[in-house]
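Asker: Take a look at the following structure, please.
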Amino acid sequence: MMKVENIAIIGTGMAGIACAKALLATGNKVTLFDKSPRPGGRMSSRTFEHWIADHGAQYFTAKSESFKSVTNSWLTQDFIKPWLGKVVAYKNNQIVNVDNTVQRYVGIPAMNALAKHLVADMKVCFSQTICKIERVKDSWILFSKEQGQIQDSFDLIIMAIPPKQAADLIPKRITNLQEVCSRAKMLPCWTLIAYQDSKIVLPFDGAFMEENPFSWIARNNSKPARSNHESWTAQAHPEWSSKYINYTNQEVEPLLVSAFEKITGQSCTSYQSHLWRYARVESPGNESFILDKNSRIGICGDWLLHSTIEGAWTSGQMLGQQINKILD
C-alpha cells in the first residue's frame with residue numbers, strides 16, 4: 001500500500017488525461033502540467049483566420065469494448081462526431097478502396113477540442129515546461145523553465161510524455177525506468193498544412209499513401225463542424241522524415257509543397273509545416289504502463305501500447321486504475 005496525497009501528471013495528451021480521470025474518480029488530488037498553452041499533445045490543431053487544420057492525429061477508432069463505451073459517452077456529449085469522408089489507399093497513382101466500415105471519429109470543431117472538454121474540470125498548469133524533478137525526503141519537487149520551483153510537492157509523479165523526454169527528467173539512478181525509456185524508438189513525422197483558394201478535385205477525402213514523401217493526406221474541411229475553406233494535411237513517411245529531421249521548416253517546406261502539388265495538380269495558396277519528433281513508436285513494448293513503487297514514478301503513453309488515441313487512453317486509464325488499487 002502507498003500513502004499518496006498529491007499526484008503530478010506531466011503531459012496533457014490522452015494518456016495523461018485518462019490517467020487523471022481515473023485518479024480523480026476516486027477522490028485523489030491531481031495536478032497536470034504541460035509545456036504547451038493548451039491540452040491534447042499530438043491531438044493538435046492550428047487555427048487560422050477562417051479555418052482550422054488538424055496537423056497531428058487525424059482521427060481515431062474504437063476497437064475494445066471499454067474504449068467504445070468511452071467513445072459513446074463523448075458522442076453523447078457532442079465532444080466528437082463521426083467523420084464520414086471517403087478514405088482510400090493511393091498506390092502507384094492508382095486509387096484502391098479500403099475498409100470504410102470502420103467508424104472514424106474526430107473532435108469538433110477540431111481534434112484538440114476533445115482534450116479541452118476533458119480537462120475543463122481539472123487543475124492544469126499550462127505553459128509550464130517541467131525541466132527537473134528532485135526527491136526531497138518522501139516527496140518530489142518539480143521545476144519548470146518558466147517558473148523555477150513549483151510551489152507544491154508531490155507524492156507520486158506520472159510521466160505521460162514521449163520516452164526521450166521522460167528519460168531526461170527521470171534521475172539516472174533509477175535504472176529500470178531509464179531502460180524502459182531507452183528501449184523505445186520513436187519515429188518522426190514532417191507534416192504539411194496547405195490552404196487552397198479553390199477545391200482540390202480528388203475523388204477522396206483521406207488517403208493512405210505510398211508515394212514519397214507522404215504516408216497520409218486528408219481534406220480537413222471534409223470533417224464535421226469545420227470551415228468550408230479548402231485545407232489539407234499531408235504527413236510524411238517516417239523514413240523520409242528521419243532523413244530530413246535536422247532540416248529547418250524553411251528548408252523542408254519546398255520539398256513537401258512540391259510533392260503535394262504533384263499529387264493534387266494545384267498550387268498551394270499558403271502553407272505551414274511542423275515536425276513531430278516523436279510521432280509514433282517503431283515497436284511497442286510488452287507493458288501497457290509502468291509503475292515503480294520504490295521511486296513513486298509512473299509512466300504511460302501510446303508508445304507503450306500502440307500509437308493510437310485508443311492506445312494512449314488505455315495506457316493512462318490502466319495506470320490510474322492500478323494506482324487506485326494500491327493506494328492507502
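The values are calculated or read from the model by the stated rules, or taken from the named source; none is laboratory data. Model, not experiment: these values are computed from the prediction. Cβ coordinates were reconstructed from backbone atoms using ideal geometry, including for glycine residues, and neighbour counts include every protein chain displayed. Side chains included, ligands, DNA and RNA excluded: accessible areas come from the protein's heavy atoms. Shrake-Rupley method; radii C 1.70, N 1.55, O 1.52, S 1.80 Å.
Asker: From the list 184, 160, pick out the single residue that is closer than 15 Å to residue 278 by Cα, small (Gly, Ala, Ser) and in contact with a Leu (Cβ under 8 Å, 6 or more places away or on another chain).
Answerer: 184
Asker: Here is a follow-up. Of the conditions (1) farther than 20 Å from residue 57 by Cα; (2) part of a loop (DSSP other than H, G, I, E, B), residue 102 satisfies every one except a single condition; which number is it?
Answerer: Exception for residue 102: condition (1).
Asker: Considering only region 18-40, I want to know if a residue exists there that is among the charged types (D, E, K, R), part of a loop (DSSP other than H, G, I, E, B) and either out of contact with any strand residue (DSSP E or B) (no Cβ under 8 Å at 6 or more places or on another chain) or at pLDDT below 95 (or both).
Answerer: Looking through region 18-40, at least one residue is among the charged types (D, E, K, R), part of a loop (DSSP other than H, G, I, E, B) and either out of contact with any strand residue (DSSP E or B) (no Cβ under 8 Å at 6 or more places or on another chain) or at pLDDT below 95 (or both).
Asker: Consider residue 96 carefully, then state whether it is surrounded by 14 or more Cβ atoms within 10 Å (Cβ to Cβ) and on the phi < 0 side of the Ramachandran plot.
Answerer: no
Asker: Go through (1) open to solvent by less than 30 Å² (accessible area, probe 1.4 Å); (2) outside any loop (DSSP other than H, G, I, E, B) one by one and return the number of the condition residue 274 breaks.
Answerer: (1)
Asker: Those residues that are surrounded by fewer than 24 Cβ atoms within 10 Å (Cβ to Cβ) and either over 14 Å from residue 298 (Cα atoms) or of a type in the set (Gly, Ala, Ser) (or both), I need them from region 14-32; list them, please.
Answerer: Hits for region 14-32 are 21, 22, 24, 25, 26, 27, 28, 29, 31.
Asker: Oh, and also: Take the residues in region 240-263 that are under 20 Å from the mean Cα position of the chain (by Cα) and part of a helix (DSSP H, G or I); name whichever of them is farthest from residue 45 (Cα to Cα).
Answerer: 242
Asker: Looking at region 276-292, I want the residues that are on the phi < 0 side of the Ramachandran plot and have a partner that is open to solvent by 50 Å² or more (accessible area, probe 1.4 Å) and of a type in the set (A, V, I, L, M, F, W, C) with Cβ atoms under 6 Å, at least 6 apart or on another chain. Which pairs are those?
Answerer: 288/318; 289/318
Asker: Under 7 Å between Cβ atoms, which residue pairs at least 6 apart in sequence (or on different chains) link something in region 176-189 that is over 17 Å from residue 283 (Cβ atoms) and open to solvent by 20 Å² or more (accessible area, probe 1.4 Å) with a partner that is basic (Lys, Arg) and not in a strand (DSSP E or B)?
Answerer: Here the result reads 178/172, each pair linking region 176-189 to a residue that is basic (Lys, Arg) and not in a strand (DSSP E or B).
Asker: Take residue 221 and decide whether it is more than 19 Å from the chain's Cα centre (by Cα) and surrounded by fewer than 18 Cβ atoms within 10 Å (Cβ to Cβ).
Answerer: So residue 221 fails the test.
Asker: Here's a check for you: in region 224-267, which residue that is open to solvent by 20 Å² or more (accessible area, probe 1.4 Å) and in contact with a helix residue (DSSP H, G or I) (Cβ under 7 Å, 6 or more places away or on another chain) is farthest from residue 201 (Cα to Cα)?
Answerer: 244
Asker: Just for region 55-81: of the residues that are open to solvent by 50 Å² or more (accessible area, probe 1.4 Å) and in contact (Cβ under 8 Å) with a residue 40 or more places away in the chain, which one is nearest to residue 215 (Cα to Cα)?
Answerer: Result: 59.
Asker: Follow-up. Count, please, the residues in region 146-159 that happen to be free of Cβ contacts under 8 Å to residues at least 60 places away in the same chain and either more than 11 Å from residue 33 (Cβ to Cβ) or of a type in the set (Ser, Thr, Tyr) (or both).
Answerer: Looking only at that region, the number is 3.
Asker: Within region 308-328, take every residue that is within 19 Å of residue 65 (Cβ to Cβ) and polar (S, T, N, Q) and give me the one that is surrounded by the fewest Cβ atoms within 10 Å (Cβ to Cβ).
Answerer: 321
Asker: Quickly run through region 1-13 and pick out the residues that are open to solvent by less than 10 Å² (accessible area, probe 1.4 Å) and in a loop (DSSP other than H, G, I, E, B).
Answerer: Residues satisfying the conditions are 11, 12.
Asker: Which residue is farthest from residue 310 (Cα to Cα), if the candidates are limited to region 68-97 and must be in contact with a strand residue (DSSP E or B) (Cβ under 9 Å, 6 or more places away or on another chain) and either part of a helix (DSSP H, G or I) or acidic (Asp, Glu) (or both)?
Answerer: It comes out as 75.
Asker: List the number of the failed condition for residue 212; all other conditions in (1) at pLDDT below 95; (2) under 17 Å from residue 267 (Cα atoms) hold.
Answerer: Residue 212 satisfies all of (1) at pLDDT below 95; (2) under 17 Å from residue 267 (Cα atoms) except (2).
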